[in-house]
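Take a look at the structure set out below.
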């Protein structure tokens, strides 16, 4: 196979059971990305560990090795792995977990309310993939944080160090210069990532590896500001629409385009069983908001919520393997009146539920009051905290107000409690924030939450563009990522208007990959620019196929090109449809590059230039 | 008609001649935007002057006056004006210009090469709208800059002051606070804009009103960093595709969505006559790159370019009424070798043409050498300079390099020469620039070019997302707009891949309106937030129609909403498809707002909260 053969188009395959379940998952998208090949490499001394990457082949004329990129897509893009969503993914962590001596426990029995009392044809069957349930004893190390504090480097730490190191060897030349060239705002990105560096960052609370011991299918990911900026995609059905099949495919689709983690925000019926299908087929960390299911269990009546039903839900989901929980424990009774004069009140679902609960009985939040017990439950499975920003601003008018910041201060308190209990923690952030107020959020979060990773939604920099809020928020996301946010929660074009469909999910993910990458570049990440430079060289050399394949979305790039110049010959044309052959600046620039170089080398000519150029002459940079 | 009646959908109308010319303009989009009505108001003491705005009607339940917004769409959205593109637009400046005593001259005769030797059926006929040609004598004031320096306030200055003042009366309460709240990076945005302030800004060279005396159809616009950030849209055919009809409709379409100025970058045949149709039907300033046509006239052979053919082209286009010219006079022979080691060489068409010309004969740029003569020609018609950045970086690897900055320094020199000659000047900027290098561009431009307005393309903050470069660049555009750029040149999704079609033009314009508005907000513009707040109030009150109509693109917002909840009843539903009725945070938040307010007002309860909240309590902001 020649380097320029492109991969076959993705197919939907292999997943349908003999008699398809109309409510169960059907088919998912498999096959490599255009021009790409899945590869695995192993950390030094760990031949058993296969860390996935993606090699983008380049035209032989480039005389460049394939460009290797970070790969979130899981086994779905590996033609060598047969996908059957009923069997679930290969449990890559199984041997690591087995070595840690956890007890296998009898899982909590499924109850009708776990699936919203769905029955008969309306009940989605659970995923048949086998799944034993681990639980740690109080006296044994279980969380990545506990191992890190104890000075122990876990398999997950070795894995993510290798994964994050991508390109750094290749980038070694000039890396120091690029890091110096960037503006890191106090981040401490290393030239090379060692497992010990990972351990140290986790022990400091500056990074987390969300990795439930009941999620053996996970390909571990690290979230922290001294690592690559990550992207989360939200999926989930609602009472109005969606099915299990759609949700599993949305997961596969989101990670295909680069989502590092996925949150299942389902709120409708079958919530337990859909989550089962998602987890058994998820190579990425999965997050949830347990409050949504707890509220379903009490029929949507906020006044009936209480600690027992919430506690039960935490255990239910922890046993399934959810890697991080959004817990809105920072919404306290005393904070609610601070929202009274807001333009848009409380816009977080979890926040409004808890505010309503607090006001209902005029009592303190049960999440706040039971926070230590929540920690004990989450620690036993290593479920990471994502401390929710229930009072995030829903309009720029409400940005950085007393309610938002009071909650953030509470989250800082809770962070220290969670650490003391051995848990991993990240902090959720806004929301709607105009550009000039973004940095204040980041700075306050770092200070109040002692550098625990920040995980922000956007922020949206203006309220006036529903239908385009992936863009209003990408502006804010790129900036806050640069300033120090560790993970960006995507926003799709449907934000504020409806549920994202397949196209919206892709648009949201690609948009946020742009924001995350722009942040990596600006922070001075030593290897981030390799892909930009490879693509720009391809562009300047009119290697159109390489330009498409190196892009975040090769299919769209190629389709746009083909709209005006569909013929294959034009894929090698030394011009494009924008300018036509006569006005192509790159063609002209090529023609004169050799001469410019010759001139540059000729000392005599250079002297003439200096005289001709007078005071505006600037010596050529080397 | 009730306030909530929505406007009829836009129609394509009224423009077709009895026997349609297959190469001439056909139909253009007319009719008001959804829920909007065109209105005109007059500056104090000038009842003859009708400055256009757009009123967005709100539901009676809002108890709010219609929201008035800046309007770039020209007569096309005014049902009271009959559009006939053969007759052109009403010459709103005719009486102002007539009073200035300019000579009417016999225009330069059209030559076959002006239209690329198009003949017969291939020749687009000129626009039949009558058009007398003015030219100023050397001894009379003609440019806005000259009037401003002489202490004279022109009609155009009065017009733009009124236009820019929109909302400031309404915003007066709290305006000072908002301005203080923003971060202006040294801009000096006034609480109210007076004609004298406009004059002073123009006299300082900090703002321009591109307004050729041969473009009487123009609704004047001011470009400067102490005014609203503006957006330019590029249109234009190429040798490969497009026709006159498409180009006029692209103009109308671009300004419908908010483009403040439009550049006609045509390079194919019929270039003169297509421009004729565009100018006679353009209420916005029109810019061009005269070099493109000059090169057409010499058959695309760069070596045949010379001063006479360029000079002839300047006069030809100035007589037609082009408002600003991109002139790449900063690309000097001495700069070309500085590009030799770049990743992407020279990516500006004009830049590569001039670099090629310089290297060809190893001689200094004729644009640089004849710069004073260029000034004399442009002054006589008040064509503004847009000093081109021919050496802008085409990849982030080349950002802020010696070539780019050497050219920028030359542009600073040329700015002072142009001012001395009485001309208005703005400066074009990059390009591809990672986030951490954007501010350096702005700061250097302000310093080297003495605060002449900056007009930037993007910048694109990463190279890896062809197909999404409206987004990679919107991030940079919002930031550089905040830092001080006066006008943002849009980038469409087709950048680097193909010519933008109608949808791409709209996407590009809306994306850049987002960036410009985000910048206005961050700078602390006293009235910018009015629209955000109105939309957020509508959102919080479930006034869906108001939310759509207040958005930058009401059609898309409504269409997205209707995808999941198409029924009319859902337009007033107190929830949306994202969460369903049970989980709607806004609904819950509404339910508890009254109670929260009541609690807030009760001193006794507040005291309880203070005790309950302990140290995290923060007093409610007023």
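Points to keep in mind about this one:
- Counting other Cβ atoms within 10 Å as a rough exposure proxy, the listed residues B:304, B:297, A:149 run B:304, A:149, B:297 from fewest neighbours to most.
- The calculated pair-distance distribution of segment B:286-343 uses every alpha carbon pair, bins of 10 angstrom beginning at 0, and gives 21, 43, 29, 8, 0 percent.
- Shortest-first nm distances, residue B:373 label point to equivalent points in other copies (7 Å, Cα→Cβ): 8.9
- Residue B:137 versus residue B:416: modelled label distance in nm, points set 7 Å from Cα along the beta carbon direction: 3.2
- Across segment B:273-430, Cα-Cα distances exceeding 21 Å account for 44% of all pairs.
- Using R0 = 51 Å, the C-beta based FRET efficiency linking residue A:185 and residue A:81 works out to 0.80.
- Copies compared at residue B:101 - label distances in nm, ascending, label defined 7 Å from Cα in the Cβ direction: 10.1
- Each residue of segment A:51-110 gets 138 Å³ once the volume of the Cα convex hull is shared out per residue.
- Label separation (residue A:194 vs residue A:177): 2.7 nm, computed from points 7 Å beyond Cα along the C-beta direction.
- Between the beta carbons of residue A:94 and residue A:373, assuming R0 = 35 Å, the FRET efficiency works out to 0.75 to the nearest 0.05.
- Evaluated over the Cα positions of segment B:194-282, the convex hull gives a direction-averaged projected area, one quarter of its surface, of 6.5 nm².
- Each peptide in B:549-555, B:117-123, B:177-183, A:411-417 gets a packing score, the mean of other Cβ atoms within 10 Å over its residues, and the list from highest to lowest is B:549-555, A:411-417, B:177-183, B:117-123.
- Neighbour-count ranking [beta-carbon atoms within 10 angstrom, fewest first] of A:324, B:292: B:292, A:324
- Shielding by partners - mean other protein chain Cβ count within 10 Å, residues of B:403-412: 3
- Here segment B:154-209 was treated as a single set of alpha-carbon atoms; its pair distances binned every 5 Å from 0 give 4, 18, 27, 22, 19, 9, 1 percent.
- Peptide B:263-274 is shielded by partner chain Cβ atoms: per residue, an average of 1 of them sit within 10 Å of its Cβ.
- Taking the C-alpha atoms of segment B:35-194, convex hull volume expressed per residue in Å³: 228
- Computed Rg/Rh of segment A:137-239, alpha carbon atoms with Kirkwood Rh: 1.04
- Among A:193, B:231, sorting on how many other beta-carbon atoms sit within 10 Å of each Cβ, with the fewest leading, yields A:193, B:231.
- 16 Å reach of a label modelled at residue A:307, 7 Å along Cα-to-Cβ, counting backbone N of segment A:350-384: A:358, A:363-378
- The simple spin-label model puts a point 7 Å past each Cα toward its Cβ; for residue A:440 and residue B:44 those points are separated by 3.4 nm.
- Shape category assigned to segment A:347-459 from the gyration tensor of Cα positions, a/c cut at 1.5: oblate
- Here residue B:555 and residue B:169 are evaluated by their C-beta separation; at R0 = 22 Å the FRET efficiency comes out at 0.15.
- Position residue B:192: other-copy label points at 6.8 nm, ordered by increasing distance, label point 7 Å along Cα→C-beta.
- Shielding by partners for peptide B:358-364, expressed as the average number of C-beta atoms from other protein chains within 10 Å of each residue's C-beta, is 3.
- Whole-number D in µm²/s for segment A:423-513 (Stokes-Einstein; Kirkwood sum over Cα pairs; 37 °C, 0.692 mPa s): 250
Rule-based calculations on the coordinates, nothing more; no lab input. Keep in mind that this is a model prediction, so the values were computed, not measured. Counting neighbours? That spans all protein chains shown, and the Cβs are built from the backbone with ideal geometry, glycine included.
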